[in-house]
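The values are calculated or read from the model by the stated rules, or taken from the named source; none is laboratory data. These numbers were taken from a predicted model, which means no experiment stands behind them. For neighbour counting, all protein chains shown are included, and Cβ atoms are generated from backbone atoms with ideal geometry for every residue, glycine included.
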Amino acid sequence: MDLFEHKFSDEEYTAIHDLAGCNYSPEKIALFLDVDKKAFLQLWGNKESEVRLAYERGKLVAEFNINNKQ
């Protein structure tokens, strides 16, 4: 699958966000989404991509929620 032509759905971006927030690696997220790992990691490696933004936001929201409860 060529992810550069693949449009992720809102549900897939939500999955990236949620899985990142649970500390899953990009490799594990690619496996969960059943997409080509190498292509997914290329997208994740681009700090301006929607994939990377969803990933980073998921980690940030999870960290905030943990710190906010302390």
List the pairs whose first member sits in region 43-70 and is more than 14 Å from Cys22 (Cβ to Cβ), whose second member is basic (Lys, Arg), and whose Cβ atoms are under 8 Å apart, counting only residues at least 6 apart or on separate chains? Leu43/Arg52; Trp44/Arg52; Gly45/Arg52; Asn46/Arg52
Test: Val51 is crowded, with 17+ Cβ neighbours inside 10 Å, more than 9 Å from the chain's Cα centre (by Cα) and of a type outside the set (S, T, N, Q): no
Filter region 45-67 down to residues that are of a type outside the set (D, E, K, R) and more than 22 Å from Ser9 (Cα to Cα) and give me whichever is modelled with the highest pLDDT. Phe64
Consider His6 against the criteria (1) in contact (Cβ under 8 Å) with a residue 24 or more places away in the chain; (2) under 10 Å from the mean Cα position of the chain (by Cα): it satisfies all of them except one. Which criterion is unmet? (2)
Taking only region 30-52 into account, find how many residues are farther than 15 Å from Lys7 by Cβ and in a helix (DSSP H, G or I). 10
